[in-house]
Amino acid sequence: MISTSMVKRIEEERIGILLLDAASDPRFQVARSVIAQGIRSAMAVPLLYSDTLLGIIIIDSQIATHAFSEKDLQILTTLANQAALLVANAGLARKNEEAATTRARLQRLFSPVIAEYVASGKLEVKQGGVPMRATMLFSDIRNFTSMSETMDAGEIVSLLNAYFERMVDVVFSFDGTLDKFVGDGMIALFGAPANRPDDALRAVRTALRMQKALAEFNIERERTGKLPIKTGIGINTGEVVAGYIGSSKALQYTVIGAPVNLASRLCSLARDANTIIISESTWNEVHTAFETRELEPVPIKGISHPLKTFSVLGETPAPPPPVQPSAEFS
């Protein structure tokens, strides 16, 4: 037991208390805890840090009155100040560690800019999902199953890790969000959790940059006598539900909805090596910035009419600068 009367007084006054003789001290003559414990003398000091009461140190004696002096109270106050500083620093260190852990977890999903917004509370990512418009990019390696049959498990993991390392760097460079890895494929989001007017443009630019990064990766592989890999990419834009979805023990940030399924379908249609196929909804937002070729309409299960699709050939060349008239000399 501790003296609740002393605790209450410390909480109210925030200063040290020296109790020389409990029986004669008018402040505690009716204090039940002091009487019940037979306290003869005591002292108590607060653990204060920036006006915040972190705790209280109480020392008492049931043997003698005047067991403590003013000097003892001063020493205990000094110790309490040091203890408060240590407690506060430990709490700050714990908060910093938790923040670092949170940032590390977020940076596996989001670009550094988006991760910082989420970690700082400037951007809220809710569990359960929020309706929003987003662009989904699906990418996978062509003929990976047959390729992996000639490789051992270590080679497969090494290949995928090296490949994904480059692809995720590209996604993050355009402030995309990594949804998930699915075998040899990956899903990236643009517009979730942060929605921007150029989400579709950034998604297509990401796809083109991924092709460039893949070409560089293949050069490295061929130098070591390894076969190049080929990929296909599908992109679609539409209304989805985004958020942390799963169980209380395992949550994952993702998007759900029919537009997600269509993006996956477009990726599977990108059979030719390193092909980028986009939907009409994405094309409507980006066609002025990229050279595209319309493909045969695609029949989609659950949709009554075939959908228009387009192959992305590259960025539209910037127009040449206007020719300046030559200066006339007299």
> Averaged per residue, what accessible area in Å² does the chain show with a 1.4 Å probe, protein chains only?
Replying inline: 58 Å²
> Using r as the Cβ-Cβ distance of Glu97 and Ser158, and R0 as 25 Å, what FRET efficiency do you calculate, to the nearest 0.05?
Replying inline: 0.20
> How long is the chain along each principal axis, judged by its Cα atoms, biggest number first, in Å?
Replying inline: 99, 77, 49
>> Can you list residues from other chains, or at least 5 along the same chain, whose modelled amide H is less than 5 Å from the amide H of Ile57?
In response: Val45, Leu47
> If you stretched the chain out fully between Thr52 and Asn89, how much longer would it get, using 0.36 nm times the residue separation minus the C-alpha to C-alpha distance?
Replying inline: 12.0 nm
> Relative contact order, percent, of the chain when contacts are C-alpha pairs under 8 Å separated by at least 6 residues?
Replying inline: 13 percent
> Using r as the Cβ-Cβ distance of Ala215 and Leu79, and R0 as 51 Å, what FRET efficiency do you calculate, to the nearest 0.05?
Replying inline: 0.15
> What accessible surface, in Å², does a 1.4 Å probe find on Arg40, ignoring ligands, DNA and RNA and rounding to the nearest 10?
Replying inline: 100 Å²
> Counting only residues 5 or more places away or on other chains, whose amide H sits under 5 Å from the amide H of Gly243 once H atoms are built in the peptide plane?
Replying inline: Val130, Thr254
> In terms of modelled amide H atoms, which long-range or inter-chain residues lie less than 5 Å from the amide H of Thr292?
Replying inline: Leu313
> Mind checking which of Ala213, Ala242, Ala258 has the largest fluctuation in a GNM of the chain, springs on alpha carbons under 10 Å?
Replying inline: Ala258
>> Leaving ligands and nucleic acids out of the surface, order Leu54, Leu227, Leu189, Leu79 by accessible area at 1.4 Å, largest first.
In response: Leu227, Leu79, Leu54, Leu189
>> Which residues does the label zone of Ala258 cover in segment 271-301, counting backbone N under 12 Å from a point 7 Å along Cα→Cβ?
In response: 300-301
> For the chain, which whole-number percentage of the solvent-accessible area (1.4 Å probe, protein heavy atoms only) is attributable to carbon and sulfur atoms?
Replying inline: 54 percent
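The values are calculated or read from the model by the stated rules, or taken from the named source; none is laboratory data. Being a predicted model, the structure only gives us computed values, none of them experimental. Note: ideal-geometry Cβ built from the backbone for every residue, glycine included; neighbour counts use all protein chains shown. Each accessible area value is taken on the protein alone, full model and side chains, heavy atoms only, with ligands, DNA and RNA left out. Shrake-Rupley method; radii C 1.70, N 1.55, O 1.52, S 1.80 Å.
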